[in-house]
Each structure stands twice: as C-alpha cells, then as structure tokens.
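As structure tokens, the structure follows; a few thoughts come after it.
Just so it is clear, none of the values below were taken in a lab; they were calculated from the coordinates. Just so we're clear, the structure is a prediction, and the values are computed from it rather than from any experiment. Cβ placement follows ideal geometry from the backbone for every residue including glycine, while neighbour counts extend to all protein chains displayed.
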Amino acid sequence: MTGGYLPMAATLTTQKIFDAFLGRYEDFKTFFHGHSYTANQLGAAAALASLEILHSKQSIRARRALEKVLHEELQTLWALPKVGDIRQAGLTAGVELVRDWRTREPFALRERAGIRVCEAMAKRGVLTRSIGNVIVLMPPYCSTRAQIRRMIAALADGVRTTLRG
C-alpha cells in the first residue's frame, strides 16, 4: 500500500464477521486482532500518495503497455510441450506445467515440477513461486520491457532444462 516505503497494514473482513464483533466496549466484542502498523498516520499518508500515483492516467497507461508486453512474451511459451495453459489477468499470470500438452496430463505433485522450475529461474536471477504445477508471475509495475522479456526467457529456459521440454 505504501509502495514499500513505510510499513502499513489493514485488516479486511466480510460484513458478517465484522458484525459479529460489533458491540459496545463493555460487551468485549471488539475485534482485537490486527497489525502493529494499522492506522499509522505516516504510513496512511504514504499509502494515499501511492494510490494517487497508481490511479493516475500515466500509471494506468504504463501498466497497460506492460500488460501487452507480458501477454506477447507469454505467447512464446506455447511452443514448449510442457506448457499446458497460460492465464493472465493484468500483470499477473499463471503458466501451468503439464507432462503432455496434448492430453494436459499433470505432473504428480511429488515430482515438484513447479518448484524445480522456480529454482532454475532463481539461478537465472528471476525469483517467483509456484502453486503446485503453476508458475506464478507477478512483475512489479515498475518493470521494464527488458525485465519482462528476461523473466519469460528464464521461465522458458527453466522449463526446457528442468523438464526436458
């Protein structure tokens, strides 16, 4: 929320849960769980400034341009026989690894295919994580086109060398 400049936290919940804790102080129903930096005034000011930048026309245009670059670069991964699906929403993408792209047969979780590819990517200077057999890509909004290309190249290289495909 603060762009990494100051600590800031928020507690989010559903209305149903909020209402369960709503009451007078003497009812002792207060939602006591939170974070040390919730309501920190300096952090809140930084978060508001960060949100203002995030919602600016220039920032929105820059993110859309990066989304397009990410989309274009992700398309190159379809050539890999171990890539079964590619999903993208904004600057968040998931690349699903499969044993055989024709049948979409998944790797068994015990094979740790996603973890192994992430480890190979780390050796190439790209840090990310997997959720099972899905490699998660979430480049920061300040990424350059070259950095996104490097991220996808590291992923492709990691898939080729780790999964032999």
### Query
Can you give the calculated 222 nm mean residue ellipticity of the chain, where each DSSP H run of n ≥ 4 adds -39,500 (n - 2.57) and the sum is split over every residue, rounded to the nearest 500 deg cm²/dmol?
-13500 deg cm²/dmol
### Task
Among (i) 35; (ii) 60; (iii) 55, find the value of percent of Cα pairs over 23 Å apart that was calculated from the structure presented, and write down its label.
(iii)
### Task
Read phi for every residue in the range 11-23 and hand back ³J(HN,Hα) as whole Hz from Karplus 6.51 cos²θ - 1.76 cosθ + 1.60, θ = phi - 60°, with x for Gly and Pro.
10, 10, 8, 7, 4, 4, 5, 4, 4, 5, 9, 7, x
### Task
Among the lysines, select those whose C-alpha is under 25 Å from the C-alpha of LYS123, and discard any that sit fewer than 8 residues away in the same chain.
LYS82
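Could you work out the relative contact order of the range 90-139? I mean the mean sequence separation of Cα pairs under 8 Å and 6+ apart, divided by the number of residues, in percent. The partial results should precede the final answer.
Values: 72 pairs, mean separation 22.6, N = 50.
For the range 90-139, the relative contact order is 45 percent.
Would you mind calculating the relative contact order of the chain from Cα pairs under 8 angstrom and at least 6 residues apart, reporting the percent as a whole number?
Working: 214 pairs, mean separation 30.0, N = 165.
Once normalised by length, the contact order is 18 percent.
Using r as the Cβ-Cβ distance of GLN41 and THR161, and R0 as 41 Å, what FRET efficiency do you calculate, to the nearest 0.05? Please report the intermediate quantities before stating the final value.
Details: r = 50 Å, r/R0 = 1.22.
Between GLN41 and THR161 the formula returns 0.25.
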### In order through the range 74-89: 3J(HN,Hα) via Karplus (6.51 cos²θ - 1.76 cosθ + 1.60), integer Hz, x for Gly, Pro
4, 4, 5, 6, 4, 6, 8, x, 9, 9, x, 7, 9, 10, 9, 9
#### Entry: Anchor LYS57: lysines whose Cα lies under 30 Å away (excluding residues fewer than 8 positions away in-chain)
LYS68
## Note on the structure
Between ARG99 and residues 5 or more places away or on another chain, the pairs with built amide H atoms under 5 Å apart involve GLU105, PHE107
### Query
So which residue, out of ALA108, ALA93, ALA120, gets the largest mean-square fluctuation from a GNM of the chain using Cα contacts under 10 Å as springs?
ALA108
### Query
What range in the chain is the longest one free of chymotrypsin sites (Phe, Trp or Tyr not before Pro) that are in a loop by DSSP and have at most 16 other Cβ atoms within 10 angstrom?
38-140
